[in-house]
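*Asks:* Following this message is one structure expressed as structure tokens.
The values are calculated or read from the model by the stated rules, or taken from the named source; none is laboratory data. Since we're looking at a predicted model, the values are computed, not measured. Every residue, glycine among them, receives a Cβ derived from its backbone with ideal geometry; neighbour counts consider all protein chains shown. Remember, those area values only see protein heavy atoms, side chains included, never the ligands or the DNA or RNA. Shrake-Rupley method; radii C 1.70, N 1.55, O 1.52, S 1.80 Å.
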Amino acid sequence: MKLQPQLINAAGAPAAIGPYSHAVKLGNLLFTSGQIPLGADGQVVEGGIEEQTHQVFRNLQAVLEAAGASLSDVVKATVFMKDMNQFAAVNAIYASYFGDHKPARSAVEVARLPKDVLVEIELIASTTVEQ
């Protein structure tokens, strides 16, 4: 039996800026699209790396919640940064959201991100399988 993907679009996250869903759930796995620091109005939040990273996590939490999951269900995170010199700031904020939960993670510097933001994060989580 082939599993059918369930598309997740979270009311609490900014609308997608392209042809994609906030996340896709397949069985007990949830794959989020990369979230960038957009507010509810679709605009990039004001401020530097700290403000942008906090907004990314607010968006990710909204997506996870819409799928019946939370940060404690995350098994893998991928962090994309415009400047690896800002890693320490991103890492401190990341740690504050995950606490003692330590999912696998990759962190990479990239040349450019959508809307010229400073950070983007995508997640893979393990969720409850719906009957």
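*Asks:* Leaving out same-chain residues fewer than 8 places away, which aspartates and glutamates sit with a Cα under 20 Å from that of LYS2?
*Replies:* Straight-distance partners of LYS2: GLU130.
*Asks:* Roughly how many Å is it from the Cα centre of segment 70-88 to that of segment 1-64, as a whole number?
*Replies:* Value for the Cα centre distance between the two parts: 14 Å.
*Asks:* Using heavy-atom solvent-accessible surface (probe 1.4 Å) with all chains present, what is the largest-first order of GLU50, GLU109, GLU65, GLU120?
*Replies:* GLU65, GLU109, GLU50, GLU120
*Asks:* In degrees, nearest 10, range 0 to 90: what is the angle between the Cα axis of helix 87-98 and the longest Cα principal axis of the chain?
*Replies:* 40 degrees
*Asks:* Also: For THR78, what charge total do you get from the other residues with a beta carbon under 9 Å from its beta carbon, if Lys and Arg give +1 and Asp and Glu give -1?
*Replies:* Spelling it out: positives minus negatives among the neighbours equals 0.
*Asks:* Could you work out [θ]222 nm for the chain from helices alone, using -39500 (n - 2.57) per DSSP H run of at least four and dividing by all its residues? Round to the nearest 500 deg cm²/dmol.
*Replies:* Result for the chain, helices only: -7500 deg cm²/dmol.
*Asks:* Stretch SER96-HIS54 to full length: gain in nm at 0.36 nm per residue minus the Cα-Cα span?
*Replies:* 14.1 nm
*Asks:* Could you check what % of the DSSP bridge pairs in the chain are antiparallel, to the nearest 5?
*Replies:* Approximately 75 percent, going by the DSSP bridge assignments.
*Asks:* Counting Lys and Arg as +1 and Asp and Glu as -1, what is the net charge of the other residues whose Cβ lies under 14 Å from the Cβ of LEU123?
*Replies:* For residues surrounding LEU123, the net value is +1.
*Asks:* Now a separate question. Pairing the Cα long axis of helix 49-66 with the longest principal axis of the chain, what angle in degrees results, from 0 to 90 and rounded to the nearest 10?
*Replies:* With both axes taken from Cα atoms, the answer is about 10 degrees.
*Asks:* May I pose another question? Just the Cα atoms of the chain: what Rg and Dmax do they give in Å?
*Replies:* 14.3, 48
*Asks:* While we're here: Which value, in Å², gives the accessible area per residue of segment 21-131 when a 1.4 Å probe is used on the protein heavy atoms?
*Replies:* Here the per-residue accessible area is 49 Å².
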